[in-house]
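FYI, it's all coordinate maths here, none of it is from the lab. Keep in mind it's a predicted model, so treat the numbers as computed, not measured. FYI the Cβ positions are ideal-geometry reconstructions off the backbone, even for glycines, and counts take in every protein chain you see.
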Amino acid sequence: MRNIQRLFGWTGIVALIGLTTPAVIVAQKVKVDSNPSAPFATYKTYGWVTGTTAPNPLNDQRLHASVDQRLAARGLTQKAASPDLIVTTHVTTQERQELVPTGFAYGAWWGGVGGGAYVETSVEGTLILDFYDAKTKQMVWRGVATATASEKPTKNIEKMNKALDKMFEKFPIPGGAVSTSGIN
């Protein structure tokens, strides 16, 4: 320990310990893009088309219901025949592995203290929400959210609603707040 202290000082030791402490935190990332020349003020109706469904069909139902609520709050009406907007969702999951150090190690010439690591596996989910102009068939708006999935369905529902809230903050058609308490 004295050799380490001489080499790094107490501040360096604290920094090394902080760097080697497991801390796998993945914040939810949300990105939005839109076509600024799209006539958003003229869109009054929307219709769904099938995209990439969620691995759990219940989550797909919840997702569509939550989007429906947000669109209704903006005055849009769902219409099967000849809508103004086409809406689709894509949900994917991917297993991620990260090497997490459990301690620091230094060479045998310093005294031979060892460290270790383990592999942490998590599932990262991505939600894509696309809107197309039904007449021109051109994409007019896209929201993308990525977050670590939970083993608890209620946590995933909370994450989905939080992601949709962030997306719809930047949706070009103004509207009121949406209560997601009924979506479970």
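Close amide H contacts of ASP84 (hydrogens built in the peptide plane, cut-off under 5 Å, sequence separation of 5 or more or a different chain): LYS44, THR45, TYR46. Sorting ARG142, ARG96 from the fewest to the most surrounding beta carbons within 10 angstrom yields ARG96, ARG142. Can you tally the net charge around ILE157? Count Lys and Arg as +1, Asp and Glu as -1, for every other residue whose Cβ sits under 14 Å from the Cβ of ILE157. Around ILE157, the surrounding residues sum to +1.
About its Cα centre, the range 23-169 has a charge dipole of approximately 440 debye under the convention of +1 per Lys or Arg Cβ and -1 per Asp or Glu Cβ, with nothing else charged. Under 30 Å of direct C-alpha separation, and excluding same-chain neighbours fewer than eight residues apart, LYS152 reaches these lysines: LYS29, LYS31, LYS162, LYS166, LYS170.
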